[in-house]
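Contents: one structure, followed by commentary.
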Amino acid sequence: MSLGRCPSSCDCFVSLPPASISPVVIFGKNSDRPRHEVQEVVYYPRATHPPGSRVMCTFLEVDQAPETQAVLLSRPSWLWGAEMGANEAGVCIGNEAVWTKEPVTEGEALLGMDLVRLALERASSAQDAVQVITELLERYGQGGSCREEPEPFIYHNTFLLCDRLEAYVLETAGPYWAAERVTEGVRNISNQLSVSVPWKEHPQLRSHAVEQGWWDGHGEFSFSAVYSLEKQPERMEAAKKRYKAGKELLRRQEGQITVDSMLQILRDKDSGICMDSGGFCTTSSMVSVLPRCPNSPCIHLMTATPDPSRSVFKPFVFDALVGQVPWVLSPTFGDDDPVKKMPRFQTQVDRRHELYIHQQRVLEVCKGKEDSECRLQVKQKELEADNLELVKKLLDRTTTDSINLGDLFLTCVEKELTLYRGEII
């Protein structure tokens, strides 16, 4: 089911018991972005902020919360927010682009990726995160270019949010929004509206649709049917196929879904979920395991590198001693950063981090050499198998005394770097 060259894409997935084989919620996302964009993995500890504090997001300054939670973020390295991430309370969020009947505007406001980070910093549950995003959306709006190029790329956003107990799909059209609650089974989203009858919605969602002539105000209201574009752009037609393919991949394994199941879905190329052609590609991926048992840690597996089929998923656990791993942190440029200069994005800078540099170098060296590519894949799979064995031990709470949670992600990154820095494969 090849989709050819599509302008953009993204996919998020969640499995809740009884779809998961064990009592865990499993979240997964591929972040599909401009091909050469670098995505870094950043950690910010819990913090308190003085009254009246403000925080500068990508384009807009907003009121700061009195206290922010520790967060792990996978983000395009030029911006403030995040494509996906988790917090210490076990909340995970991913966002995706969407185009609706409500027009996008060129004014700068909060990016959907800013809303992801703000919600993770401020919410202690997935339901709280829905409220945080909708309140910020009402106060500050959404908008601004979402790529590091002079020509603007603007969209509205959909979000998949989950915690140990439940999940939510939150979809927006300008300032308007609709949310769906998911308490069991599976759910996925792509670059399209998919919420029909909302669990909660913007107070003027229906009246606005009537005013615009999109709905007659009678009969059952379907957000996706009323607010979706009648003539879909190419990117959204492609998203329909990916959405159906992702739904089918989840359905085939429903009741038996594991971490490995989610990894395989994110690596599926035939569906287009793992994108590796055209101007966009899967630049980073994330899988999180959120046990129902509060005594078991939530575990977040990140690649920090492009193409999950050629990357190693590495586990992270929130811990009092955890810190930033420098090898997945991009350089900073201060006031000289093209995103801060007006007009924005007139020049380019090298944002590659160490892991990205070495992974891409090895892939280039092995390109077209079947034996070398095979040996690299074998060694990557061996590293990942070791990582997944650690995950299993943590979830089973067996033989974990020797596992230093604070250095878990760091150690796994360093082992992968050692592989890439070694002799030419």
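What the table below lists for this structure:
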| read-out | value |
| --- | --- |
| Check on Leu160, open to solvent by less than 40 Å² (accessible area, probe 1.4 Å), in contact with a Cys (Cβ under 7 Å, 6 or more places away or on another chain) and under 24 Å from Cys298 (Cβ atoms) | yes |
| Number of the condition not met by Ala209 [criteria: (1) over 23 Å from the mean Cα position of the chain (by Cα); (2) part of a loop (DSSP other than H, G, I, E, B); (3) of a type in the set (Gly, Ala, Ser)] | (2) |
| Matching residues in the range 220-251 - criterion: being open to solvent by less than 50 Å² (accessible area, probe 1.4 Å) and under 16 Å from Asp268 (Cα atoms) | Ala238, Ala239, Arg242, Tyr243, Ala245, Gly246, Leu249, Leu250 |
| Only listed residue being at pLDDT below 95 and surrounded by fewer than 24 Cβ atoms within 10 Å (Cβ to Cβ), chosen from Pro23, Pro34 | Pro34 |
| Hey, Arg310 in contact with a helix residue (DSSP H, G or I) (Cβ under 8 Å, 6 or more places away or on another chain) and among the charged types (D, E, K, R) or not | yes |
| Options Ala65, Ala82; residue that is in contact with a strand residue (DSSP E or B) (Cβ under 7 Å, 6 or more places away or on another chain) and either on the phi > 0 side of the Ramachandran plot or small (Gly, Ala, Ser) (or both) | Ala82 |
| Complete set of residues in the range 324-343 that are in contact (Cβ under 8 Å) with a residue 40 or more places away in the chain, under 20 Å from Gln39 (Cα atoms) and not in a helix (DSSP H, G or I) | Gln324, Val325, Leu329, Ser330, Asp337, Pro338, Val339 |
| Selection count, the range 188-206, where residues are in contact with a Gly (Cβ under 9 Å, 6 or more places away or on another chain) and either open to solvent by 20 Å² or more (accessible area, probe 1.4 Å) or not in a strand (DSSP E or B) (or both) | 2 |
| The listed residue being on the phi > 0 side of the Ramachandran plot, without any contact (Cβ under 8 Å) to a residue 24 or more places away in the chain and surrounded by fewer than 22 Cβ atoms within 10 Å (Cβ to Cβ), out of Gly217, Gly185 | Gly217 |
| Subset of the range 344-402 (residues that are over 14 Å from Asp307 (Cα atoms), acidic (Asp, Glu), assigned to a helix (DSSP H, G or I) and open to solvent by 40 Å² or more (accessible area, probe 1.4 Å)) | Glu354, Glu370, Asp371, Glu373, Glu382, Asp386, Glu389, Asp396 |
| Residues of the range 252-267 that turn out to be open to solvent by less than 50 Å² (accessible area, probe 1.4 Å) and over 23 Å from the mean Cα position of the chain (by Cα), as a count | 1 |
| Cβ-Cβ under 7 Å pairs, at least 6 apart or on other chains, the range 374-398 side touching a residue at least 60 places away in the same chain (Cβ under 8 Å), far side assigned to a helix (DSSP H, G or I) and open to solvent by 50 Å² or more (accessible area, probe 1.4 Å) | Leu383/Lys415 |
| Residues satisfying the stated conditions in the range 171-185, i.e. under 12 Å from Leu137 (Cα atoms) and in contact with a strand residue (DSSP E or B) (Cβ under 7 Å, 6 or more places away or on another chain) | Glu171, Thr172, Ala173, Gly174, Trp177 |
| Residues (at pLDDT 95 or above and open to solvent by 90 Å² or more (accessible area, probe 1.4 Å)) located in the range 403-425 | Lys415, Thr418 |
| Some residue of the range 323-338 being more than 24 Å from Leu79 (Cβ to Cβ), touching a helix residue (DSSP H, G or I) at 6+ places or on another chain (Cβ under 7 Å) and either aromatic (Phe, Trp, Tyr) or open to solvent by less than 40 Å² (accessible area, probe 1.4 Å) (or both) | no |
| Test result for Glu211, modelled with pLDDT under 95 and either closer than 16 Å to Gly112 by Cβ or open to solvent by 10 Å² or more (accessible area, probe 1.4 Å) (or both) | no |
| Members of the range 136-152 found to be more than 23 Å from Ser224 (Cβ to Cβ) and either without any contact (Cβ under 8 Å) to a residue 60 or more places away in the chain or charged (D, E, K, R) (or both), listed by number | Arg139, Arg147, Glu148, Glu149, Glu151, Pro152 |
| Given (1) over 21 Å from the mean Cα position of the chain (by Cα); (2) closer than 26 Å to Leu73 by Cα; (3) touching a residue at least 24 places away in the same chain (Cβ under 8 Å), index of the condition Phe409 fails | (1) |
| Long-range neighbours under 9 Å by Cβ, at least six apart or interchain, first residue touching a residue at least 24 places away in the same chain (Cβ under 8 Å) and under 14 Å from Phe13 (Cα atoms) within the range 286-306, second buried (at least 24 other Cβ atoms within 10 Å of the Cβ) and acidic (Asp, Glu) | Met286/Glu83; Leu290/Asp163 |
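The values are calculated or read from the model by the stated rules, or taken from the named source; none is laboratory data. Fair warning: this is a prediction, and the values are worked out from it, not measured in the lab. Heads up, the Cβs are rebuilt from the backbone with ideal geometry, glycines too, and the neighbour counts pull from every protein chain shown. For accessibility, only protein heavy atoms count, side chains too; no ligands or nucleic acids. Shrake-Rupley method; radii C 1.70, N 1.55, O 1.52, S 1.80 Å.
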